[in-house]
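Take a look at the structure set out below.
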Amino acid sequence: MKMPSFICRTLLAGGLGFLPLVLAAAQAGGDAADPEAQAAAGDALVVQVDFVVPEYKGGDKFRSPPTIDTALAEDLAKRLQLPLQAVPAGTYPEDPPAGRGGALRLTFLRDLSNVPPHVTVVPIDYRAVPMAIMRSDTTIKRWEQLEGRKVCVAAGGNHVGTIAGRYRALEQVHPSATDALVALREGSCDAMVHDSTMLEELIRYPEWKKFSARLRGNQRSTLALLVPAHEQSKVATLRRVAFEWDANGYPEQLVKKTVRDIAFEVYLEQDVPDCH
């Protein structure tokens, strides 16, 4: 049943103490633009990412990205004073994106040293292992017990196909982390698998106490920028930006904000009446 708009506004204003936090954008200081980037004003900063966030269309339910890589790319573009163009990852660096602001790749690496010698890795202070969360009364105690069980994952996360391939789980790929978590809460899947850094933050919330059973993997990945080694000016700029991100705790801020947003979206999906 649709509710009058003034009732919905009252529910949202009175029942959500964390709403202002959800709406607040994370701020990053500093301007690390170098002369090369400034000269290229008008070009786009082309960044290869593992998942291109779909463009939001009016009328769709807003869904937060499942990882922080797009937000980092957006901040990098802002610092370089360039518009961002996120593109699907090709075979890097043999298939680099075009443009003076391009030839960058933002991805997760298990082994920072396992890259071609003509590629420089700029690590970012974001590390995670695969993690499953489940109802606290679950009988699943080991990863191997996911065999034949329904496991929700988010499109754009780092674990699509991995749980099915390794443990013969029945993966359900949802369009967002929000949708995967809603399915978990509604009992449509036995576990939800995502990055440990995100899920550890999520289960701190009191409303997730009943879903705080967890399995942690041991294959740690690090988020990193990849850039051709011969582009020394670009390498130096990226190292400076990554240092500032790490020094200011920016990746951690993005994780907290993203998880707040996702938790809020799950809340709206489950507990708030139709306000349209």
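What are the residues in the range 226-246 that are part of a helix (DSSP H, G or I) and either among the basic types (Lys, Arg) or over 15 Å from Arg127 (Cβ atoms) (or both), if any?
Gln232, Ser233, Lys234, Val235, Ala236, Thr237, Leu238, Arg239, Arg240, Val241, Phe243, Glu244
Identify, please: which residue in the range 198-223 is small (Gly, Ala, Ser) and either modelled with pLDDT under 95 or in contact with a Gly (Cβ under 6 Å, 6 or more places away or on another chain) (or both) and is, among those, nearest to Leu146 (Cα to Cα)? Steps first, answer last, please.
Initially, the range 198-223 is screened for residues small (Gly, Ala, Ser), giving 212-213, 217, 221.
So of that shortlist, the ones also either modelled with pLDDT under 95 or in contact with a Gly (Cβ under 6 Å, 6 or more places away or on another chain) (or both) come out as 212, 217, 221.
Values: Ser212: 17, Gly217: 13, Ser221: 22 Å.
Among those residues, the one meeting the criterion is Gly217.
So in the range 126-172, with the set limited to residues that are of a type in the set (Ser, Thr, Tyr) and farther than 26 Å from Thr70 by Cβ, which one is farthest from the chain's Cα centre (by Cα)? Before you say what the answer is, go through the steps one by one.
Applying the first criterion (of a type in the set (Ser, Thr, Tyr)) to the range 126-172 yields 126, 136, 138-139, 162, 167.
So of that shortlist, the ones also farther than 26 Å from Thr70 by Cβ come out as 136, 138-139, 167.
On the way: Ser136: 25, Thr138: 27, Thr139: 29, Tyr167: 24 Å.
This residue is Thr139.
Please pick out the residue among Val259, Val266, Val235, Val241 that is farther than 19 Å from Ser64 by Cβ and touching a Leu at 6+ places or on another chain (Cβ under 7 Å).
Every option except Val241 fails the conditions.
Which one of the conditions (1) modelled with pLDDT of 95 or more; (2) within 22 Å of Asp111 (Cα to Cα); (3) surrounded by fewer than 16 Cβ atoms within 10 Å (Cβ to Cβ) does Gly249 fail to meet, given that it meets all the rest?
(2)
Would you say Val173 is within 19 Å of Pro54 (Cβ to Cβ) and free of Cβ contacts under 8 Å to residues at least 24 places away in the same chain?
The answer is yes for Val173.
Quick one: which residue in Asp190, Asp195, Asp179, Asp137 is under 26 Å from Phe264 (Cβ atoms), of a type in the set (D, E, K, R) and in contact with a Gly (Cβ under 8 Å, 6 or more places away or on another chain)?
Criteria check complete, one pass: Asp195.
In the range 142-160, which residues are out of contact with any Asp or Glu (no Cβ under 7 Å at 6 or more places or on another chain) and more than 10 Å from Val193 (Cβ to Cβ)?
Answer for the range 142-160, where residues must be out of contact with any Asp or Glu (no Cβ under 7 Å at 6 or more places or on another chain) and more than 10 Å from Val193 (Cβ to Cβ): Arg142, Glu144, Gln145, Glu147, Gly148, Ala155, Gly156.
Here are some residues: Ala154, Ala169. Which one is surrounded by 16 or more Cβ atoms within 10 Å (Cβ to Cβ), small (Gly, Ala, Ser) and touching a Leu at 6+ places or on another chain (Cβ under 6 Å)?
Ala169
Looking only at the range 33-53, count every residue that is modelled with pLDDT of 75 or more, over 17 Å from Gly156 (Cβ atoms) and not in a loop (DSSP other than H, G, I, E, B) and tell me the total.
Here is the first cut: in the range 33-53, the residues modelled with pLDDT of 75 or more are 43-53.
Within this subset, residues satisfying the condition of being over 17 Å from Gly156 (Cβ atoms) are 43-46.
Filter once more, keeping what is not in a loop (DSSP other than H, G, I, E, B): 43, 45-46.
Number of matching residues: 3.
Just one of (1) free of Cβ contacts under 8 Å to residues at least 12 places away in the same chain; (2) hydroxyl-bearing (Ser, Thr, Tyr); (3) assigned to a helix (DSSP H, G or I) trips up Tyr56, so point out which.
(3)
Specify the residue that is farthest from Arg110 (Cα to Cα); the eligible residues are those in the range 174-225 that are among the polar types (S, T, N, Q) and assigned to a helix (DSSP H, G or I).
This residue is Thr178.
Out of the residues in the range 101-132 that are of a type in the set (D, E, K, R) and in contact (Cβ under 8 Å) with a residue 24 or more places away in the chain, state the one that is surrounded by the fewest Cβ atoms within 10 Å (Cβ to Cβ).
Narrowing the range 101-132 to residues of a type in the set (D, E, K, R): 105, 110-111, 125, 127.
So of that shortlist, the ones also in contact (Cβ under 8 Å) with a residue 24 or more places away in the chain come out as 105, 110, 125, 127.
On the way: Arg105: 25, Arg110: 9, Asp125: 15, Arg127: 15.
Applying the filter and picking the extreme gives Arg110.
Since Ala73 meets every condition but one in (1) modelled with pLDDT of 90 or more; (2) in a strand (DSSP E or B), which condition does it not meet?
So Ala73 meets the others, but not (2).
The values are calculated or read from the model by the stated rules, or taken from the named source; none is laboratory data. Since we're looking at a predicted model, the values are computed, not measured. Please note: Cβ atoms are built from the backbone with ideal geometry, for glycine as well, and neighbour counts cover all protein chains shown.
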